[in-house]
1. Starting from the Cα gyration tensor of the chain, take the square roots of the eigenvalues, sort them a ≥ b ≥ c, and report rounded, prolate or oblate (rounded when a/c is under 1.5, otherwise prolate if a/b is larger than b/c, else oblate).
2. What length, rounded to one decimal in nm, is gained on full extension from residue 277 through to residue 158, with 0.36 nm per residue of separation minus their alpha-carbon distance?
3. Zone of residue 302 (label point 7 Å along Cα→Cβ, backbone N under 13 Å): which residues in segment 210-243?
4. What percent does the relative contact order of segment 161-255 come to when contacts are Cα pairs within less than 8 Å and at least six residues apart?
5. With each run of n ≥ 4 DSSP H residues scored as -39500 (n - 2.57), what mean residue ellipticity at 222 nm is computed for the chain after dividing by its residue count and rounding to the nearest 500 deg cm²/dmol?
6. Calculate how steeply helix 226-247 sits against the longest principal axis of the alpha-carbon atoms of the chain, using the helix alpha-carbon long axis, and give the answer as 0 to 90 degrees to the nearest 10.
7. In percent, how large is the relative contact order of segment 181-310, given Cα pairs closer than 8 Å and 6 or more residues apart?
8. What is the angle, in °, between the Cα long axis of helix 131-145 and the longest principal axis of the Cα atoms in the chain? Nearest 10 is fine, range 0 to 90.
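Laboratory data are not the source of any read-out in this text; all were calculated from the coordinates shown. None of the values given here were measured: they were computed from a predicted structure. Here the Cβ positions follow ideal geometry from the backbone for every residue, glycine too, while neighbour counts run over all protein chains shown.
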């Protein structure tokens, strides 16, 4: 249910060639090779290939320069991705206020000034009202406070009820796309709180040390805060990722044929196994093995980040 899978679905629906790169592991040579392959595809096919770049915000200047010309010429159509949970966490921590510039004026008020509760409320509305934070945290509250099964139903059926048209498309692919979007949005809200805790858990002295060294705010975030945040969030993220794997079984509520659906189909089959319980047993074994592999990979990642220990 990842970003790359979603991009592949988009490319399939648009009937376009698909290429993928990672800004972390791909160099300038890889970018140029993909562009050359896209040029050859474009020579035989009128539709521009889709190029998906994961973690696109980490592209350096040389990578950007090697890609910019191909995008401008229409050789490829660029799709970029950054963690949605990180964007939501930025929104939930936003301190932007439309009239925040008035705060210094309030500090000049005499200390013995007495204000009524209504006046205090008006001051908050004008000066300390932070719309982005309030809206984002309200969305997180709704998503975390309602059942995932209900959200799957809303994502799949609500657009058709309002627009009078099924935007997801028909068949298994449409249901898979709707369930993918629902899972991505739901867990992005959960991940955003983990990201927020990780970012705010980094001591402020680390940022101040970066400022003393002459680092910009961007450099402080990516080279100081983000690296320490990753180490802190791996254990809770591991828990949420494994839970996500098991929660995919809920997608059967919109008739998506997932593993448990297949197990029940065997259970109700007419080929001599009707009423047998072993198909459901094997679905449990599948989830257990898949979760075990994920656990090993995530434990390896946690050990790899042990160099952050004091």
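1. Working: a/c = 1.71, a/b = 1.35, b/c = 1.27.
The shape class here is prolate.
2. On the way: separation 119, 0.36 × 119 = 42.84 nm, distance 3.58 nm.
My answer for the length gained is 39.3 nm.
3. 231-242
4. 33 percent
5. Calculated at 222 nm, the ellipticity per residue is -20500 deg cm²/dmol.
6. 40 degrees
7. On the way: 77 pairs, mean separation 30.6, N = 130.
Relative contact order comes out at 24 percent.
8. Result, in degrees: 40.
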